[in-house]
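The values are calculated or read from the model by the stated rules, or taken from the named source; none is laboratory data. Just so it is clear, the structure is predicted and the values come from calculations on it, not from any experiment. Ideal geometry is used to build each Cβ from the backbone, glycine not excepted, and the neighbour counts take in all protein chains shown. What goes into the accessible areas is simple: the full protein's heavy atoms, side chains included, and nothing from ligands, DNA or RNA. Shrake-Rupley method; radii C 1.70, N 1.55, O 1.52, S 1.80 Å.
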Amino acid sequence: MHANDKPSLVSGEMPYLADMAFPPIPRRFFLKQAALAAGVLLAGPAGLSSCQPATAHIRGGLKGPSHAAGHLLRNIARLPVPDGFSDTHVLIIGGGIAGLSARRWLHRQGVRDVLLVELEEAVGGNSRGDETPTAAHPWGAHYLPVLDLRNRELLQFLEECGSLTGFDPDQKPIYNEYHLCHDPEERLFINGFWQEGLVPETGLSEDEKAQILRFDRLMEGYRQARGADGKDAFAIPLVHSSADARFRELDRLSFADFLDSHGFTSPHLRWYLDYCCRDDYGATTGQTSAWAGIHYFAARKGQAANADASAVLTWPEGNQFLVSQLRQQADSAIRSKLMAFDVRLDGKKVLVSAYDTETQKTAGIRADFVIMATPQFVNRPLLRNLPAYTPPDLHYAPWLIANLTIDGLPQDRGAPLCWDNVLYGTRSVGYITASHQHLHQTQRKVITYYRPLTEEAPDEARRRAYQTTYGDWLQAVLAELETAHPGITPRISEADIWIWGHGMVAPTPGFLQRPPVLPVADRLFFAHSDLSGISIFEEAFYQGIRAAQAILDRTS
């Protein structure tokens with residue numbers, strides 16, 4: 001019991017659930033697109049069967065962020081010092097969503113003397129995409145759910161992108177029909193059959209069905225709940241969530257422990273919930289904070305005039321579409337292949353040394369203000385000379401993503417090919433059809449396969465991922481896809497594999513209790529989704545605006 005003498009949410013049902021009226025439960029009652037998890041099949045590259053499909057006809061290779069350049073941060077003493085310094089008013093280090101959002105916000109407020117530097121050859125972070133002669137495709141994040149009406153800044157951005165075309169008389173957004181995910185949206189391969197939707201429906205006992213219904217009702221209760229401070233218990237951005245201890249105490253235990261305490265033992269439900277955590281967080285239910293696990297289901301409160309609350313916006317290139325829009329909505333300078341490696345204060349200025357990975361020379365940049373739109377594991381070496389900076393210990397999930405060009409997809413029984421296609425009981429989180437949004441469908445397609453590497457601790461998973469060859473990774477991907485699409489391998493002409501060593505931050509138990517990362521002095525600010533603890537577009541977009549506005553407030 002807490003001081004307010006209200007029942008603990010951990011030990012029992014929410015006290016107000018019995019008094020609530022629930023709408024009929026739709027077939028697809030959870031608010032997300034998705035794709036699987038749990039670890040039953042496929043022991044990994046080292047455990048593949050000797051009976052492997054022939055792949056000599058497949059072109060492709062390993063791709064990914066420049067971890068070799070990033071590792072130069074471990075040998076900073078070997079990097080050349082700058083010959084001199086050029087000046088800028090605001091320097092943004094990092095060209096992911098948060099950095100681009102900060103750059104756009106400054107532009108909108110009339111601040112044009114801004115320079116953004118990015119280590120990679122292209123901006124976008126884990127929202128990057130690419131294009132082949134067959135189709136555009138993502139290399140990471142690939143959709144955005146319809147928004148809460150209170151998220152005004154992001155709604156305005158979508159309006160400027162053309163993804164939102166207006167509002168109805170009730171002020172509900174009208175989304176661009178070409179950007180809303182087309183039907184059919186999702187299916188699950190289970191027991192040799194493709195079913196519609198991702199929540200398992202075949203082979204369930206009556207008790208399992210009852211548990212799924214009970215879980216849905218519990219999450220709906222959390223979705224509607226408000227704290228004593230009047231805020232939603234769970235909201236996006238996270239900063240708008242209630243600080244009420246009745247809810248925040250959930251962060252002290254894992255989602256798996258929470259499910260155990262509520263008697264959710266259904267193997268099919270537990271598989272699905274494990275998938276959800278692995279898909280959004282790159283972590284299992286045992287590694288995920290219970291607060292974050294509930295947030296997945298309870299925080300999204302999107303509304304639309306022409307779509308239901310679970311609808312998503314998506315594009316063939318994934319969230320690269322949003323990256324391109326962010327970049328186009330500001331005209332300040334961007335320099336790529338430039339790795340900041342030293343940040344220090346000098347009177348009323350900030351001095352930054354940045355290594356050009358092409359010329360192998362170091363540029364010096366002197367700024368009035370700096371926004372660190374980089375993850376905290378990168379900030380640690382960059383800010384080593386600033387004792388006021390205390391980096392938090394965060395869990396970053398490694399990922400594997402594969403884009404495969406196929407000439408037709410062998411189809412098994414059941415639902416037809418969808419945007420999101422999930423295989424029950426495998427280690428991946430399935431694949432999307434990158435060309436799903438194309439109006440004119442052809443046999444030749446690109447599918448994008450996602451697999452969070454959750455079988456080992458993150459450091460070991462990263463090491464193994466980088467040591468595994470392209471051939472071994474390809475065999476692992478194909479072995480899984482062959483279980484649902486026998487004969488797919490001969491139809492694949494290209495397969496590129498991308499390794500994200502630090503793909504996303506994971507909200508492990510206690511993440512809400514960590515001290516905030518505060519500005520260093522009054523000239524250096526932080527902006528990254530890992531400050532929220534959840535790696536979604538809405539959080540990165542918000543963090544960029546927050547940091548940019550902090551600079552504007554200092555200069556007003």
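The largest accessible area among R187, R246 belongs to the first residue in R246, R187, and the rest follow in falling order (1.4 Å probe, all chains).
In angstrom, the C-alpha Rg and Dmax of region 317-460 are 21.8, 69. Atom-type composition of the exposed protein surface of the chain places 51 percent of the accessible area on carbon and sulfur (1.4 angstrom probe).
Of all beta bridges that DSSP places with both ends in the chain, some 70 percent have antiparallel geometry. Can you bin region 174-300 into rounded, prolate or oblate? Criterion: square roots of the alpha carbon gyration tensor eigenvalues sorted a ≥ b ≥ c, rounded for a/c under 1.5, prolate for a/b above b/c, oblate for the rest. Taking the square roots of the gyration eigenvalues as a ≥ b ≥ c, region 174-300 is oblate.
Normalising by the residue count of region 323-418, find the relative contact order in percent from Cα pairs under 8 Å and 6+ residues apart.
Rounded, it is 18 percent for region 323-418.
3J(HN,Hα) along region 517-532, derived from phi through the Karplus expression 6.51 cos²θ - 1.76 cosθ + 1.60 where θ = phi - 60°, amounts to 7, 8, x, 9, 6, 10, 10, 10, 10, 10, 8, 6, 5, 5, 5, 7 Hz, with x in place of Gly and Pro. For W194, the residues 5 or more places off, or on other chains, whose built amide H falls under 5 Å of its own are R413, G414, A415.
If the chain linking E494 and R380 were pulled fully straight, counting 0.36 nm for each residue of separation and taking away their Cα-Cα distance, it would gain 37.2 nm. Computed on the chain, with alpha-carbon pairs under 8 angstrom and 6+ residues apart, the relative contact order is 27 percent.
Size estimate for region 370-413 follows the Kirkwood approach: the inverse of mean 1/r over distinct Cα pairs works out to 14.8 Å.
Based on the alpha-carbon gyration tensor of region 106-150 and its eigenvalue square roots a ≥ b ≥ c, which shape applies: rounded if a/c is under 1.5, prolate if not and a/b is larger than b/c, or oblate? Verdict is oblate for region 106-150. Of the GluC sites (Glu not before Pro) found in region 164-254, those that fall in a DSSP loop while having at most 12 other beta-carbon atoms within 10 Å are E177. On full extension, the segment bounded by E249 and D83 gains 54.5 nm, given 0.36 nm per residue less the C-alpha separation. Residues within the reach of a label modelled at A69 (point 7 angstrom out along Cα to beta-carbon, backbone nitrogen below 17 Å), restricted to region 356-396, are 356-365, 373-375, 378-379, 382. Summed over the residues of the chain and divided among them, the accessible surface reaches 40 Å² per residue at a probe radius of 1.4 Å.
For region 156-199, the direction-averaged projected area of the alpha-carbon convex hull comes to 4.6 nm². Which entry in [x] 179; [y] 145; [z] 162 matches volume of the Cα convex hull per residue in Å³ derived from the coordinates of this structure? Among [x] 179; [y] 145; [z] 162, the one calculated here is [z]. Taking amide H positions as modeled 1.01 Å from N, with prolines and chain starts lacking one, the residues under 5 Å from E186 and 5 or more places away or on another chain are G197, W419, D420.
Report the calculated FRET efficiency for N176 and Q467 (r = Cβ-Cβ distance, R0 = 45 Å), to the nearest 0.05.
Details: r = 44 Å, r/R0 = 0.97.
Efficiency at R0 = 45 Å is approximately 0.55.
The calculated P(r) of region 274-373, using every Cα pair and 10 Å bins from 0, goes 11, 21, 25, 25, 16, 1 in percent. Amide H to amide H distances under 5 Å link A527 with M372, A373, T374, where only residues 5 or more positions off or on other chains count and H is placed in the peptide plane.
Placing a label point 7 Å from the Cα of T359 along the Cα-to-Cβ direction, none of the residues of region 102-122 has a backbone N under 12 Å of that point. From the Cα gyration tensor of region 79-123, with a ≥ b ≥ c the square roots of its eigenvalues, which class applies: rounded if a/c is under 1.5, or else prolate if a/b is larger than b/c, or else oblate? Taking the square roots of the gyration eigenvalues as a ≥ b ≥ c, region 79-123 is oblate.
Using a simple spin-label model with pseudo-atoms 7 Å out from Cα toward Cβ, D346 and D207 lie 7.0 nm apart.
If R0 is 35 Å, what FRET efficiency do you get for T483 and R514 from their C-beta distance, rounded to 0.05?
According to the calculation, E is roughly 0.30.
Converting phi to 3J(HN,Hα) with the Karplus coefficients 6.51, -1.76 and 1.60 and the offset θ = phi - 60°, region 361-376 yields 10, 9, 9, x, 10, 10, 10, 6, 9, 10, 10, 8, 8, 10, x, 5 Hz in sequence order, with x at every glycine or proline.
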